[in-house]
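Undergrad: Got a structure for you, questions after.
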2 protein chains.
Amino acid sequence: MESEQLWYLLPAVGVALLAFLFAGWLFAWVKKQPQENEKIREVSGLIRKGANVFLNREYKVLAIFAGVAAVLIFLFLPHPVWSGDIWSNLMMAGAYLVGTVFSAFAGKIGIAVATQANSRTAEAAQKGIRPSFLCGFRGGAVMGMAVVGASLLGVALVFWATGKVTDSNAALLGFSFGASSLALFAKAGGGIFTKTADVAADLTGKVELGIPEDDPRNPAVIADNVGDNVGDVAGMGADLFDSNVASMAAALVMGAVLGGNSVATVFVYATIGLLASIIGILTARMGKKGGPTRALNASTYVTTAIFAGLTALATWVFKFHWAIWGASAVGLVVGTIVGIVTDYFTDDSKKPVRKTAEASEIGPAFTLLSGISYALVSTLPAMIGIGVSALAAYFLCAPLGEGFALFGISMAAVGMLSIVGMIISNDAYGPIVDNARGLAEMGNLGEEVLEITDKLDSAGNTVKAVTKGFAIGAAGLTVIALLGAFLSEVNAAGARLSAMGTLPNFVPISGFDIMNPTVFFGMLVGAAIPAVFSALLMLGVNRNAMRMVAEIRRQFREIVGLKEGKAQPEYDKCIDIATTGALKELIPAGLLAIISTLAVGFIGGVHAIGGFLTGNIVSGLLLALFMSNSGGLWDNAKKYVESGHNGGKGSAAHKAAVIGDTVGDPFKDTAGPSINTQITVVSLVASLMSTIFLTVSIFK
Amino acid sequence: MESEQLWYLLPAVGVALLAFLFAGWLFAWVKKQPQENEKIREVSGLIRKGANVFLNREYKVLAIFAGVAAVLIFLFLPHPVWSGDIWSNLMMAGAYLVGTVFSAFAGKIGIAVATQANSRTAEAAQKGIRPSFLCGFRGGAVMGMAVVGASLLGVALVFWATGKVTDSNAALLGFSFGASSLALFAKAGGGIFTKTADVAADLTGKVELGIPEDDPRNPAVIADNVGDNVGDVAGMGADLFDSNVASMAAALVMGAVLGGNSVATVFVYATIGLLASIIGILTARMGKKGGPTRALNASTYVTTAIFAGLTALATWVFKFHWAIWGASAVGLVVGTIVGIVTDYFTDDSKKPVRKTAEASEIGPAFTLLSGISYALVSTLPAMIGIGVSALAAYFLCAPLGEGFALFGISMAAVGMLSIVGMIISNDAYGPIVDNARGLAEMGNLGEEVLEITDKLDSAGNTVKAVTKGFAIGAAGLTVIALLGAFLSEVNAAGARLSAMGTLPNFVPISGFDIMNPTVFFGMLVGAAIPAVFSALLMLGVNRNAMRMVAEIRRQFREIVGLKEGKAQPEYDKCIDIATTGALKELIPAGLLAIISTLAVGFIGGVHAIGGFLTGNIVSGLLLALFMSNSGGLWDNAKKYVESGHNGGKGSAAHKAAVIGDTVGDPFKDTAGPSINTQITVVSLVASLMSTIFLTVSIFK
């Protein structure tokens, strides 16, 4: 490592450590908030215990998976260990393991703070909406800071440790694969857990027995709240850790090949993004005027503006390319636009939600058809947005020289994810206030407090739409960049194999031609994978929820006095069903993604894989957008009806809207968000396996 | 036209005319069957009148569209009329108009016979299942023969009339575009009509009032039966006419460039396919043993075997390439496999339907999630099947020389569609027996007759699954071939423009590189189009059904004695709502497909269009498979519950299953089958506009 390269690593590591300190300070602040209500303390303890039990059991299963994967990686990647150079294989396996550990840590920290912040947010609501908001938000921010700090620190360390720039690529991809393979299972497992409990609790509680949400008599109520934490907090943290690492890894792999100050640009921009997020979080505070939505959005915009300004300054000071800055600015702008469009389709003051609520008056079939249709329409603007930003980044950066075009696209993704600290803070805020609402109900804090937590909860949903736009847009750009990374890995591997005499006639590949039927074959198969992947998750939820519904019905039948509130339900049994089921159901979907990539690669070689990744990206983005948006739309349509429109609570329209919401739940919280991770995993497997696919495949 | 080329045109025209004669004979046979029941005659007259009113109004609207399109084609295609050569523009516009007229004729003939055959099939059921089956099947066969005869005749005439082989390509695509643009609107309009009426009739009749299906008191009952005819018969006829013409046109465009006996192969195989269908239809008869399903499938397999045998003979006699024969045989085999897989996901003796019926016991949300999940899984085998057959055809034919590989793919499509005559006969049989069931109920023919028509109806549904496999598989291969046709059109146009000095530096394009961001941009936008297209159709159904539900409720409220069966409902009003609504709602979806293609072409040029078509194909196939299979699955799950399982009729599971079926109806009968046509239209627009996209576009 030449000393001149160190200058950008030190501030990156420094700011990453600052983020940890800041997270520690926020955590301490949260823990200092009063927690006095005995009932709330007890229930919150149950939730914390349930979440930890699930997480520990999940991590035990995943540790076996990671161990096996690490051994395989050591044996085969980046090239078979018996072909020499044992160190790069060790480095790769090590980076992979570090990736999994960091990812697990991100989940753990999130659970730790969220399960402390929920009860304190509930109690703070007794003093008013502003302190309650602050407690929920700062709880979420701990997670945000921990995740972004860990990803910047991890990438910097792996980049530094793998030494010489040209060799560091593969180990970075290994680190990223560690993060994403764990995220795949964590997101899937958490997603199945949370929706199992949510659907089963709603169905038996709200629909069959007519008792309110979060009623302590419902045996699934603790499992439901645990689910918010393990699905939305831990799963989401692992997911965004993975996206963030993947976007940096893709940019660094390409930047290292390009040389010049490309690598420096990536690190400097990422460091500034983290700094901007810290400032943004510090400014987040509800003013005397304006609701929580405004406070959340304002801090997002503050972060965005600081990022744009400081990166411009850095570009000027360090003489980076202005085109690269332009690309990252395009990423920010498009992220905002995609967010605003998403908002239109899920906002209850706009036509899609209103029309879906209206359609519910006729019957549930119309709720569903209407929601499905609007969500299908909603894919167009986002797809155009991702396409246009890739196009703009490409044309901005192509004049800089060969290879810069794809690097520009990866920097647009880095730009979009610069505010990932804010995204995670806002996203983790959601389940914390959602939990707080449940605790307030179970602790009998009264109507006024419930009203405050409801307001905070609804702000979380609204803001999520905007941040989700960034997340999906960034995932789209990242995987396009990963496709570029795959291509450069293939050519690097080909050159090496050619030099070794294994593939003497290797000609570098310039791209993947659609008219090549091997590519087309890969594309058709790749397009079906996200569909099957999400189906397996949803079938898992279905099966698991059916088990839990049976258990809840059994408890109401067998436990005397439960319905009257005179006996305690057996919360544990429900948590256990959700846990066991989730762990059982998450494996097939995760393996499908990895095994299908291997199968297509061994059959059709690198061209088939090029098509496979493309089909996977295109249909994956489409399905992810469709599922996230339809789920959000139905959720808000139900809330809109509940707030007294189209017949209001208890009407036929309400029943129809609840059915829509139940269908939408696994869409938006299990399958939809897991698809992003699935695409990343598949892309990374392809890049890592490029040498092997070049040498062993039936059709080359 | 050289005389040696005539030898294969004459038999083609001869067999096409034979098909018309055969259709005429079948029609006469159907009309000779007794029609005695006064009530049935009356209702059947109402249905016929309603269908004709809709068709005439629809064709009036479409005539305006076709007229405008013909003028635009004359002005701009194949190249601006002022740039010389007025004859090719005239020829193109003429071929286009002939295409629309033939397509309209196919719809008309189908309606004419189906609305005669329905009542006779109902009455024949009084004599037993065998004569009833024969009447329904022969009614459907009239349509099958007319459509296939018309497509072979039209393609042969246009090919002959446009004279010199090298110039004939464009006019053939114009003919195909005429067929597909009309099919797009006919399928969309018919699909909206039929589901408007079906959904509204079920919702008010079965669900609200608890009166049986096809009860004459329901004001929407006639509209519902009209819908079966205009949607399933006329729309489906236009759809398959379009697929058949497109597959032949793509093969001929490429075959003409390849020279040798390629064109002859296309015509000889298509002629043999028609002959085989005639024989297959003649053998279709229910034996004393075995039900109607067996009779229908047997005749399909007879046709397939005759086709395979006769084409092998022809290949030997005329010294065609055996590789091409292999490709068409691969098409047949894969079509069968896709059909069998489809069958697995929609058959009520298999797991997907059973599990969905079981999930209905818990609630409608589970019916939906289960059906959606299985249908998502069902896309994988079909996508693999299409991909593998393209790959196999390619590798079989690639050794024959450059260009033969894509020609092989188009011949696999021709092979799949060789049995299109049988497909249409089976498909048109469905709505005829469905109508017959309704007429038997309204004519009070008794329980025994209803049982027979139910059996015939259910056989229609089962057989549809297999033929649908062929239709979707063929559409997939055809559009891959059309992508090839687009590429050769672009290169031909480029060469011409280069010779004229307009594009002096034109370099022939060898393919479309995924790593080119213009291609990727096109791909992302193209992938969203089928989603938006199907959403617009479903929203159209939603809006229209809501209007009709309101009207039905009004009639039951205002017409005294209607519910007791003492007064007549105002059937006309419902037919009018369905008609007006369908005509209003079909336009935006159709225009979206055409305008988005033009927009992407003008922005990104031919590379963006290459990506656009690819994205469109990939996501279109995925959505079409998903929608067709989920619709079929829910339909059969409902029937399974109705036959006494999981609680049977009237149970909570039944209500949930009905909701699933209602969601599935527009999936499988409106949006799903229209997507095929949408893909074809977009591909043809791209090919026809290739010269213009090469010269005017923002990014080249």
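The values are calculated or read from the model by the stated rules, or taken from the named source; none is laboratory data. Treat the numbers as computed from the prediction; the structure is a model and nothing was measured. A quick note on method: Cβ atoms are made from the backbone with ideal geometry, for glycine too, and the neighbour counts reach across all protein chains shown. In case anyone asks, the SASA skips ligands and DNA or RNA and just uses the protein heavy atoms, side chains included. Shrake-Rupley method; radii C 1.70, N 1.55, O 1.52, S 1.80 Å.
Undergrad: Report, in whole Å, the centroid distance computed from the Cα atoms of segment B:578-602 and segment A:207-228.
TA: Between the Cα centre of segment B:578-602 and that of segment A:207-228, the gap is 47 Å.
Undergrad: How much length is gained on full extension from A:W82 to A:I340, taking 0.36 nm per residue of separation minus their Cα-Cα distance?
TA: 87.6 nm
Undergrad: On to the next question. Name the residue farthest towards the positive end of the dipole of segment B:527-666 from the options B:I659, B:L536, B:I575, assuming +1 on Cβ of Lys and Arg, -1 on Cβ of Asp and Glu, about the Cα centre.
TA: B:I659
Undergrad: Is there a pair in B:K206/B:K655; A:K32/A:K464; A:K655/B:K655 whose C-alpha atoms are over 18 Å apart, and which pairs would that be?
TA: A:K32/A:K464
Undergrad: Based on the Cβ-Cβ distance from B:L10 to B:F602, what FRET efficiency comes out when R0 is 45 Å, to the nearest 0.05? Walk me through the numbers before you get to the answer.
TA: Working: r = 43 Å, r/R0 = 0.97.
Once rounded, the FRET efficiency stands at 0.55.
Undergrad: Could you give the nm distance between label points at B:V61 and B:I559, where each point is 7 Å from its Cα heading toward the beta carbon?
TA: My value for the distance between the label points is 2.5 nm.
Undergrad: What are the distances, in nm and sorted shortest first, from the label point of A:F602 to the label points of the same position in each other copy, with each label point placed 7 Å from Cα along the Cα-to-Cβ direction?
TA: Going from nearest to farthest copy, the values are 5.1 nm.
Undergrad: Treat each spin label as a single point 7 Å out from the Cα along the C-beta direction, and report the B:I211 to A:L591 distance in nm.
TA: Distance between label points: 5.5 nm.
Undergrad: So, how do all the Cα-to-Cα distances of segment B:161-230 break down into 10 Å bins, in percent, from 0 on up?
TA: Result returned by the calculation: 20, 29, 17, 14, 11, 8, 1.
Undergrad: What are the nm distances, shortest first, from B:G287 to its equivalents in the other copies, labels at 7 Å along Cα→Cβ?
TA: Result for B:G287, in nm, nearest copy first: 8.4.
Undergrad: Hey, another quick one. For every helix of n ≥ 4 consecutive DSSP H residues, a contribution of -39,500 (n - 2.57) applies; sum these over the protein assembly as shown, divide by its total residues, and give [θ] at 222 nm rounded to the nearest 500 deg cm²/dmol. Let's see the in-between values first.
TA: Values: 40 runs with 1129 residues, N = 1400.
Value at 222 nm, helices only: -29000 deg cm²/dmol.
Undergrad: Still on this structure: Once the Cβ-Cβ distance between B:W316 and B:S510 is put in as r, and R0 is 35 Å, what FRET efficiency do you end up with, to the nearest 0.05?
TA: Efficiency at R0 = 35 Å is approximately 0.50.
Undergrad: Tell me, what is the per residue accessible area of segment B:366-463 in Å², probe radius 1.4 Å?
TA: About 24 Å² of surface per residue is accessible.
Undergrad: Further question on the same structure: Counting only protein heavy atoms and using a 1.4 Å probe, what share of the accessible area of chain A belongs to carbon plus sulfur, as a whole percent?
TA: Accessible surface attributable to carbon and sulfur in chain A totals 64 percent.
Undergrad: What does the extension gain come out to for B:E570 and B:K39, with contour length at 0.36 nm per residue minus their alpha carbon separation?
TA: Between B:E570 and B:K39, full extension yields an extra 189.5 nm.
Undergrad: Which of the lysines could a cross-linker bridge to B:K584, judged by Cα under 16 Å and excluding same-chain residues fewer than eight apart?
TA: Once the sequence-local lysines are set aside, what remains near B:K584 is B:K60, B:K187, B:K195.
Undergrad: Taking GluC sites (Glu not before Pro) as exposed when DSSP calls them loop (any state but H, G, I, E, B) and at most 11 other Cβ atoms lie within 10 Å, what is the longest stretch of chain B free of them, the sites themselves excluded?
TA: Working: sites that count: B:E2, B:E36, B:E402, B:E564.
Result for the longest clean stretch: B:37-401.
Undergrad: So, one more: Sorted from shortest, what are the nm distances separating the label point of B:G14 from equivalent points in the other copies, each placed 7 Å from Cα along Cα to C-beta?
TA: Sorted ascending, the copy-to-copy spacings read 9.1 nm.
Undergrad: With a cut-off of at most 11 other beta carbons within 10 Å, and DSSP calling the residue loop, which trypsin sites (Lys or Arg not before Pro) in segment A:217-313 qualify? Please list them.
TA: Numbers: sites: A:R217, A:R285, A:K288, A:K289, A:R294; in loops: A:R217, A:R285, A:K288, A:K289.
In loop regions of segment A:217-313 (DSSP not H, G, I, E or B), the sparsely surrounded trypsin sites (Lys or Arg not before Pro) are A:K288, A:K289.
Undergrad: So, one more: Starting from the 7 Å offset along Cα-to-Cβ, what nm value, one decimal, do you get for the label separation of A:E448 and B:V71?
TA: In this crude spin-label approximation the distance works out to 7.2 nm.
Undergrad: Could you give the Stokes-Einstein D for segment A:298-385 in µm² per second, using the C-alpha Kirkwood radius, 10 °C, 1.306 mPa s? Before the final figure, lay out the partial values.
TA: Working: Rh = 15.6 Å.
Translational diffusion coefficient: 102 µm²/s.
Undergrad: Over chain A, what is the relative contact order in whole percent, taking alpha-carbon pairs under 8 Å and six or more residues apart? Don't jump to the answer; show the numbers that get you there.
TA: On the way: 1322 pairs, mean separation 142.9, N = 700.
Dividing the mean separation by the residue count of chain A yields 20 percent.
Undergrad: While we're looking at this one, here's another question. Leaving out ligands, DNA and RNA, calculate the buried accessible area for the pair B and A with a 1.4 Å probe, summed over both sides, in Å² to the nearest 100.
TA: So the total buried area for this chain pair works out to about 6500 Å².
Undergrad: Which whole-angstrom value gives the distance between the alpha carbon centres of segment B:236-310 and segment A:292-317?
TA: 64
Undergrad: Take segment A:521-613, compute every pairwise Cα distance, and split them into 5 Å bins from 0; I just need the percent in each bin.
TA: 3, 13, 17, 14, 11, 9, 8, 7, 6, 5, 4, 3, 1, 0
Undergrad: What is the mean projected area of the alpha carbon convex hull for chain A, to one decimal in square nanometres?
TA: That works out to 28.0 nm², a quarter of the Cα hull's surface.
Undergrad: Which lysines have a Cα less than 16 Å from the Cα of A:K351, not counting those fewer than 8 places away in the same chain?
TA: A:K351 reaches A:K638, A:K639.
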